[in-house]
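The values are calculated or read from the model by the stated rules, or taken from the named source; none is laboratory data. All figures in this text were calculated on a predicted structure; none of them were measured in a lab. Using ideal geometry, Cβ is built from the backbone for each residue, glycine included, and neighbour counts are taken over all protein chains shown. What goes into the accessible areas is simple: the full protein's heavy atoms, side chains included, and nothing from ligands, DNA or RNA. Shrake-Rupley method; radii C 1.70, N 1.55, O 1.52, S 1.80 Å.
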Amino acid sequence: LAANNVAVETDDPQSLLSYYRNWIAARKRSPGLMKGDIAPLETGAQILAFVRGSGDGRVLVVHHLSGS
């Protein structure tokens, strides 16, 4: 049984910890992700999509939520 903790996941680029750290870093680099309004987009099942930002900094974010 593998333990899920920071010590185990820190060096694993496929870990959930690495996934979230990458998104946090992307948010810090992008003015469009750091502040502004969030406008959800209509999508099909298993897709989450929205536009975020203000002024010139706008970002389209799309997440495919299914396991495939």
**Item:** Degrees, to the nearest 10: 16-29 long Cα axis against longest axis of the chain
**Value:** 30
**Item:** Percentage relative contact order, the chain, counting C-alpha pairs under 8 Å, at least six apart
**Value:** 20
**Request:** Go through L16, L41 and list them by solvent-accessible area, largest first, probe radius 1.4 Å.
**Result:** L16, L41
**Asked** How much of the calculated P(r) for the chain lies past 20 Å, in percent of all Cα pairs?
**Response** 46
**Request:** In nm, give the distance between the simple-model label positions of V61 and V6, each being 7 Å from the Cα along the Cα-to-Cβ direction.
**Result:** 2.3
**Asked** How much length, in nm to one decimal, is gained on full extension between Q14 and A45, taken as 0.36 nm per residue of separation minus their Cα-Cα distance?
**Response** 8.7 nm
